[in-house]
Amino acid sequence: MTITQQYFLDTYRARQLGEPTPPAPGANDWQVVRELRDRRRFQAVLAGRPAHGRLRRALGRRLRPRSTG
């Protein structure tokens with residue numbers, strides 16, 4: 001059974017029982033991503049690391065051409 005089929009079955013059952021319908025699949029995905037990002041930033045601050053720009057700075061160090069000289 002696919003996610004869509006399960007969602008429609010759950011919606012049908014909820015309507016039959018007079019309960020609120022469940023959220024559609026994927027409705028809260030971006031909220032979860034934002035909460036995860038905020039938690040990682042918070043943990044970085046607690047650990048004494050910079051909260052912003054860590055990924056870009058790390059990629060810059062890895063991708064910068066090394067000077068021989």
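Assorted remarks:
- Residues considered: ALA51, ALA14, ALA47. Of these, the only one that is surrounded by 10 or more Cβ atoms within 10 Å (Cβ to Cβ) and either in contact with a helix residue (DSSP H, G or I) (Cβ under 8 Å, 6 or more places away or on another chain) or at pLDDT below 95 (or both) is ALA51.
- Conditions (1) at pLDDT 90 or above; (2) exposed (fewer than 11 other Cβ atoms within 10 Å of the Cβ); (3) assigned to a loop (DSSP other than H, G, I, E, B): number failed by PRO22: (2)
- Pair list, Cβ < 9 Å and 6+ apart or interchain, from the range 23-51 residues that are over 19 Å from TYR7 (Cα atoms) and without any contact (Cβ under 8 Å) to a residue 12 or more places away in the chain to residues that are of a type in the set (Gly, Ala, Ser) and in a helix (DSSP H, G or I): PRO50/ALA44; ALA51/ALA44
- Here ARG41 clears all of (1) at positive phi; (2) surrounded by 11 or more Cβ atoms within 10 Å (Cβ to Cβ) except the condition numbered (1).
The values are calculated or read from the model by the stated rules, or taken from the named source; none is laboratory data. Small disclaimer: the values here were computed from a predicted structure and weren't measured. For neighbour counting, all protein chains shown are included, and Cβ atoms are generated from backbone atoms with ideal geometry for every residue, glycine included.
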